[in-house]
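The values are calculated or read from the model by the stated rules, or taken from the named source; none is laboratory data. What you see is a predicted model, and the numbers here were worked out from it, not measured in a lab. Methodologically, a virtual Cβ is constructed for each residue, glycine included, from the backbone with ideal geometry; neighbour enumeration extends over all protein chains shown. Quick note on the areas: whole protein, heavy atoms, side chains included, nothing else; ligands and nucleic acids left out. Shrake-Rupley method; radii C 1.70, N 1.55, O 1.52, S 1.80 Å.
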Amino acid sequence: IRLPQPFGLEPPESRLNLRGVNQKEKAEKSFPMDGSVSGLAWLYDIEGYFGKRVDLEIISGYGENNEIREVIRHIAGQETGFDEVAVFYTWEFYSQLFYDISREYGIPVTFGSGVSIHNSTPGQVLFGLLKFLESNFDVSELYPLLNSRSLIPDTGVSGFQVVRCLRKAGIGWGKERYSLQLDRLLEGYESSRDPGKWDHADQGERDKAGDKGSETKSFPALIRETRDFINGLLGLFPDFTAENCIPLGQLSLGLAEAIDRYSNITGEADAEAREKIIQELQALAESVQSELPCDEAVKVLQEIIENIRIQKSLPRPGHLHVDSFSKGIWINRKRTYMAGLSSDRFPGSGREDAILLDAERTAISPDLKLGRDRSKEKVYSMAELLAVAAGPVVLSFPCFNTVENKELFPASILLQAFRLYAGDPRKDYSDLEAFVGTSRGFVPAGDQTLLDENEWWLRRQTARSRTLLAPVLRAFPNLARGAAAWKKRALPDFSFFDGKIPAERNLLDPRINHEMVLSPSGLETLARCPFSYFLRHVLRVKPLEEIIYDPGIWLDGAQRGTLLHEIFEAYFKTIVQRNEKPNFSAHREFLYELADEALNRARQAIPPPNDAVYDYECGDILESCRVFLRSEEAHAQEGVPVWFEFSFGKRTDAGADFEEPVYIEYKPGVKFALRGSIDRVDKIGPNSFLVLDYKTGSTYSYSVWEPFKGGRQLQYAIYALALETVLRERRVCPGAVVNEGGYIFPSTKGEGQRIIYKPIDREALTAVLDSLFEIMGSGCFNMSDSSDDCRFCDYQAVCLRDFLEEALTKKLEAPDLEHFWEVRSFD
Ligand code: SF4
């Protein structure tokens, strides 16, 4: 095949370095252009240009996305059929952009070089499963696959239902935990005293997930079907070998089976992708026997599958054709678009191949292409293509890199094309810039064709007269409510939108509504930030509880605290039974044994991310046990622990000491209902008791001089009241007095210290409780006055306190908030 040679441009050596072709033949191979070629044939011979008309336009967009939208807009503005247009690109990324836009607008497009396998459901499932494997089977990697219905369970259960069961089972990560935790969940259900609540919870979550149409199944049936599906899926992943490697061939076969069995297929592209992925994986399985570390195996498979292209097609009637410019010479259509002509992409650098240098290539064979010739070849191919482009040509480039936030410049070939167009070789980049004019951005200008209603909205809303908002808000009342609420929140007065709700004392005041059962932590939340109390306890907005995979952490603060409580409780129960006092040298080994048992149990329930983290945290727990025992030995004469995890008002499957709430009469004739669990109660006199709470952190934010800390620290004092009431009313100790309470810090950070408040200031406590109940009864749930209270708050995303700082200062001066300030006044 003899190709035309653009004027003024020598073909690169590699084009002519064909074996057996001598210089004379080379010269003959480049034949002169005939009259049918485009004016762009003179791209590099402007002086030789004979006044031919160059039918050329140059456009640019703000980033690649806007560039291709402008190309589509341009095509739509012509009276040309899609199958009369070819779009070429200089960078593979553009095929993805064209694929996305073709799906968005339903444009029929053929892709000469196909599109990425990532665009298919089987591709997404495969890459998702590889991430799942690499993360040590972290359950959160499965959720997107199941929620998007890419992965379809084969046991009759829906993806949403599987996600719900897995969430409830508290899987975390680790292959072996799935079956184990699902079995535990099933056992929990079957032995529950109130199994109905599980089904109700399930229904509520299904409604939230929009899965209303799914068949109603009992919760155990859902768990069983989930377990069967998960076991089937996990069974396809081979086990790791003793060297912690994975057999690549077996893994490939397992993944091929998973794609075949579970991947959702919704069209031709998915069916093609499934076939290609399975073929590739099976071929790999036949050719490799090796075992690789997991991350390497994942990388190998990702690289192999990533190269698969789907939906490759020749130009077809009725379809726009999109392809790489390197193939453009073979496509003959009436209009040609060339996208991606920025200087950073075209012609690219002439860097040598780092594996086989140019000198080595030359020594091996003159036919091998050299790195330094690569950019020359690209320029030549582009000039060749432009020289034979049949009709009008539109060249485009992105003028900005929106990811790296930097300006981009047109490729040098664009300047050359402009010079040819202008018939003036002296034109420079500033002339080109003036010629191109304003780059097209996200908001379409008045002269641009609109592609969809979003662009219409954008144009209207950014116009000077923003007349759109009112009709939009009329059409969408929830948006209108949101906008109005936000406006109100930005005002200085404390209103309904800041947590001031109509006061319904009968409902909200616990002194009147005895159905309302409080907890000390709830009261501390109320004192810390009434608005967060309102969100959690009045509106009942709760964050999802997930076990999050963190390679550097095994137990979070609460889990670590629970584990230590368990160990200390088991220790004291034993030595009290033996009538012994804490003794470091006599009990140390025994305490460590208890700790080992508890650690093993915790390991079953919560998988450590790796052995190193597990060992480190075990060491820390044992060290806390040592600190605890030393501290207990030092205080051994001060009292005898008599109750641990003393609970009341909690109806749990594990049972409680007293299932009914305690009604505390904190001042004559006034009482409220409380539930809770006291970490430990020590007997310090014939009828005197001390309530203690374990804190596994440091003593930094505790002080004997601040017993209430503006209401943020109430637990020990409220528990003292509760314990006294329980012991007296239930006749456990009719003359009981609980006048002391505080905290023990049994950890390396806390150094085994104790902070005890004695006697508890009952008068102040009564005043704090009164003020708190007034806050509740009056329905005034303001945001906290201190941003320190927000540090560990779950509601930051909905509260948006940071944006309201200025207005908040004024709001906090509202007369309605006097009770809040009363609470704050108690140090
Ligand atoms: S972020 Fe701060 S102000 Fe907002 S609810 Fe939480 S604690 Fe209160």
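Side notes on the structure shown:
- Over the stretch 640-796, relative contact order from alpha-carbon pairs under 8 Å, at least 6 apart, %: 18 percent
- Compared with the alpha-carbon gap, the fully stretched path from ALA586 to ASN610 is longer by 5.3 nm at 0.36 nm per residue.
- Estimated 222 nm signal from helices in the chain, with DSSP H stretches of n ≥ 4 weighted -39500 (n - 2.57), rounded to 500: -13500 deg cm²/dmol
- With every protein chain in place, the stretch 737-819: carbon and sulfur % of accessible area (1.4 Å): 49 percent
- Annotation: lysines with alpha-carbon distance below 16 angstrom to LYS131 (same-chain offsets under eight excluded): LYS175, LYS299.
- Per residue, the Cα convex hull of the stretch 118-306 amounts to 104 Å³.
- For a modelled paramagnetic label at SER313, 7 Å from Cα along Cα-to-Cβ, the residues of the stretch 109-152 in reach, with backbone nitrogen under 17 Å, are 109-117, 119-121.
- Shape category assigned to the chain from the gyration tensor of Cα positions, a/c cut at 1.5: prolate
- Accessible-area composition of the stretch 118-306, carbon plus sulfur, in percent [1.4 Å probe]: 47 percent
- Cα-based shape type of the stretch 602-644, given that a ≥ b ≥ c are square roots of the gyration tensor eigenvalues and the cut on a/c is 1.5: oblate
- Heavy-atom accessible surface of the stretch 375-458: percent carbon and sulfur, 1.4 Å: 51 percent
- Cleavage-rule hits (GluC sites (Glu not before Pro)) in the stretch 257-317: DSSP loop, at most 13 neighbouring Cβ within 10 angstrom: none
- Cα gyration tensor shape for the stretch 82-182, rounded if a/c is under 1.5, else prolate or oblate: prolate
- Of the trypsin sites (Lys or Arg not before Pro) found in the stretch 536-642, those in coil by DSSP whose Cβ has at most 14 other Cβ atoms within 10 Å are ARG540, ARG578.
- Centre-to-centre separation between the Cα atoms of the stretch 231-292 and those of the stretch 413-438: 53 Å.
- Over the stretch 118-306, relative contact order from alpha-carbon pairs under 8 Å, at least 6 apart, %: 28 percent
- The mean sequence separation of alpha-carbon pairs under 8 Å and at least six residues apart, normalised by the residue count of the chain, gives a relative contact order of 15 percent.
- Accessible surface, the chain, averaged per residue in Å² (probe 1.4 Å): 49 Å²
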